[in-house]
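**Student:** This is the structure I have questions about; it appears just below.
Bear in mind these aren't lab numbers, they're just calculated from the coordinates by the rules spelled out. Given the structure is predicted, the values throughout are model-derived calculations rather than measurements. Here the Cβ positions follow ideal geometry from the backbone for every residue, glycine too, while neighbour counts run over all protein chains shown.
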Amino acid sequence: MAETVQPTASGASRREFMVTTGAVVAASGLVFGDWTSAQAATELPKRKLGRTGLEVTALSFGGIQLSDASHRRVVDFAIDQGINYIHTCPGYTGGKSIQIIGEVMREKRDKVYLAVKTGPGGVDEALRTLNTDHIDVLIPDTNDFSDGERDAYAKLKEAGKIRFSGFAAHNNQAARINACAAAGWRDVVLVAYNTGNSGELDPVLADAVAKQKMGFMAMKVAHGPGTFGEKLVKLLKGNPNMHTLTPGMNSVDQVRQNIETITQGLASLDVPRDPAVALAASCTHCGTCAKACPNRVAVSDYLRADLYRGRGDARLAADLLRSIPPRHSLAACTNCGACNQACPRRLDPLSTMRSA
């Protein structure tokens with residue numbers, strides 16, 4: 001099992017990490033770009049990120065929407081309010097997200113853990129941009145659980161450039177999580193997890209936690225029934241196998257509201273999880289539609305692009321669509337309807353792809 005460690009304190013070695021995150025600050029009268037902290041209030045709940053031993057806040061910061069220099073203040077505010085886990089990717093918003101977070105890390109690296117979505121080959125550049133000497137969790141979007149890949153991560157760990165390894169699962173998630181647990185050497189999974197698919201994925205998560213003590217962080221939490229706040233609480237309440245939710249945030253108000261929702265929601269009387277939420281008619285990114293396509297159209301990527309566009313990330317959607325090779329684009333689609341017929345939710349992936 002991995003050694004239990006904490007974020008780097010100023011002047012301490014990586015093995016002497018001390019918790020420096022304070023209590024969540026109650027905010028009133030906040031204006032974007034201009035605020036002052038009030039008295040300390042309820043502490044944001046923390047959970048142990050599986051076998052990593054990292055004590056991460058139940059709400060982590062997703063950097064997928066950071067696109068403007070003024071967003072630096074949003075990251076500053078999130079850290080000041082107690083969020084101690086930040087996720088970014090060199091590809092988010094054309095590289096602006098990781099640059100913004102890197103500027104904040106010049107002063108606040110000792111207060112947070114960093115999770116970065118890039119492969120082993122992108123680590124050195126990410127370290128330079130983030131103004132740090134190490135990444136806490138490396139989580140590329142990959143299907144590679146081979147011994148060769150394991151060795152590449154081991155070398156990065158030996159060099160002190162990363163602490164833990166993981167991967168991001170956007171589709172075909174159950175099979176990929178099972179494969180990860182079977183391989184046994186990746187520590188953390190970033191999973192598309194929401195009230196629309198939690199009922200289906202919960203047994204898979206529970207099995208991976210029981211067998212390998214995997215750590216799980218959730219993206220795409222906005223899917224499924226209920227208001228956004230209700231979804232945040234429902235995904236965490238009575239659910240020890242989901243360790244932190246990582247929604248994208250790009251305003252002080254979003255950070256404040258999400259913190260209040262989770263602290264207040266988890267502090268109230270717990271209620272049993274409702275297994276019926278899995279019946280909601282929303283995409284779970286299971287990947288079944290893509291597997292059914294006889295022409296190997298990148299159905300899953302089109303559905304992800306539609307998700308990004310729907311939440312206002314038009315640029316991210318466009319970047320994803322441009323990355324699809326022509327042989328896997330809609331040009332190869334014959335409108336056979338195999339994707340629609342295969343969808344276990346009886347949704348309409350074909351129309352969604354056309355719309356995206």
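**Student:** What ranking do K117, K48 get, fewest neighbouring Cβ atoms within 10 angstrom at the top? Don't jump to the answer; show the numbers that get you there.
**Tutor:** On the way: K117 26, K48 15.
Listed from fewest to most nearby Cβ atoms, that is K48, K117.
**Student:** Based on alpha-carbon centroids, what's the gap between the range 169-233 and the range 299-329 in Å, whole number please?
**Tutor:** 22 Å
**Student:** On to the next question. Which entries of K48/K234; K117/K157; K111/K161; K157/K237; K117/K220 show an alpha-carbon separation above 26 angstrom in the structure shown?
**Tutor:** Numbers: K48/K234 19 Å; K117/K157 16 Å; K111/K161 18 Å; K157/K237 34 Å; K117/K220 15 Å.
Among K48/K234; K117/K157; K111/K161; K157/K237; K117/K220, the Cα-Cα distance tops 26 Å for K157/K237.
**Student:** Which of rounded, prolate, oblate describes the range 287-355, given a ≥ b ≥ c as roots of the alpha-carbon gyration tensor eigenvalues and a/c under 1.5 marking rounded, otherwise prolate only if a/b is larger than b/c? Please report the intermediate quantities before stating the final value.
**Tutor:** Numbers: a/c = 2.26, a/b = 1.35, b/c = 1.68.
Since a/c reaches 1.5 but b/c is at least a/b, the shape of the range 287-355 is classed as oblate.
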